[in-house]
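Read the figures in this text as sums done on the coordinates, not as results from a lab. Model, not experiment: these values are computed from the prediction. For neighbour counting, all protein chains shown are included, and Cβ atoms are generated from backbone atoms with ideal geometry for every residue, glycine included.
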Amino acid sequence: MSHPLEEIIGYRFKNIDLLLTALTHTSYANESRAKVQHNERLEFLGDSVLQIVSADYLFHAYADRPEGDLTRTRASLVSEGALFQFAQEIHLGDYLRLGRGEDRCGGRSRPSVVSDAFEALIAALYLDGGMEVARSFILPFITEGKHADADYKTRLQEVVQQNPEERLSYVVEKEIGPDHDKQFVVAVHFNSNCIARGEGRSKKAAEQKAAKEALRLMGLV
C-alpha cells in the first residue's frame with residue numbers, strides 16, 4: 001500500500017519503513033508503547049546530503065562567484081526558514097507522526113520540527129534510492145525559480161559595508177501570541193534609526209523580512 005506522500009514527491013519507496021521513520025518525531029516515539037524509531041539520525045544524514053548537493057549545484061551553476069558568495073548562498077538554501085518553505089510545498093507537516101502534546105501545540109507548523117523532518121526525508125530517499133534519487137528531489141527546490149527566500153540580511157549588510165563607519169542592528173520589538181504559535185516583530189536599525197520592520201514565526205525569519213523591506217525602500221529589490 002502506497003503512502004500519500006509518495007504521490008506528492010513522485011517516488012515509491014522500496015523500504016517504506018525508511019519513509020515512516022523520516023516522518024516520526026521523537027515525541028511520537030516516546031509516547032508509543034511499541035519500540036519506534038524516530039527521525040533524528042536520518043536528520044543528521046539528510047543535512048549532509050543536502051549540503052553536498054547544494055554545494056555541487058552552486059559550484060557548477062555559478063562558476064564566476066568567489067567562495068564567500070557560494071558559502072553565503074548555500075547557507076541561505078539550507079537554513080531552517082528555507083527548509084520549512086520547501087517542506088510546505090509538499091505539505092510535509094500533514095504527514096508527520098507526532099506525539100499528542102506536540103500535535104496539540106502546533107508541531108505540524110513549527111519550523112524546527114518540519115525542517116528537521118525535511119532533512120530526514122532527504123536521508124530516507126538517499127538510503128532507499130541512492131544519491132541521484134536524493135539529488136533529483138532536492139534540486140527543484142534550490143534551483144532558480146523555486147528558490148528559498150534570498151538572504152536579504154547579507155545583501156543589506158553588503159550595501160551598508162560600502163561605508164565602513166555605518167552600522168546595522170536588529171531589534172526584537174514585539175513577541176505576539178502563545179509559545180507554540182509566536183510571531184516576532186523585528187526592526188532593522190541603520191546606526192540609531194529604524195529603517196524597516198518585519199514579522200515572522202521566528203526571529204531569523206522576521207530579520208530577513210525586515211532586511212527585505214529595507215532593500216525594497218532603497219529600490220534594490
Checklist entry - Between LEU45 and GLU165, what is the label-to-label distance in nm when each label sits 7 Å out along the Cα-to-Cβ direction? => result 5.6
Checklist entry - Sorted by mean Cβ packing within 10 Å, highest first, what order do the peptides 81-94, 21-34 take? => result 81-94, 21-34
Item to check | In degrees, nearest ten, helix 80-89 long axis to first principal axis of the chain (Cα) | outcome: 60
Next on the checklist: Taking 41 Å as R0, compute the FRET efficiency from the Cβ-Cβ separation of HIS60 and LYS35 and round it to 0.05.
Outcome noted: 0.40
Item to check | Inter-site label distance for ASP103 and GLU175 at 7 Å from Cα along Cβ, in nm | outcome: 2.8
Next on the checklist: As I understand it, the value is the acute angle between the Cα axis of helix 111-129 and the longest principal axis of the Cα atoms of the chain; what does it come to in degrees, rounded to 10?
Outcome noted: 50
Item to check | Average Cα contact separation per residue, the range 4-142, under 8 Å, 6 or more apart, as relative contact order % | outcome: 38
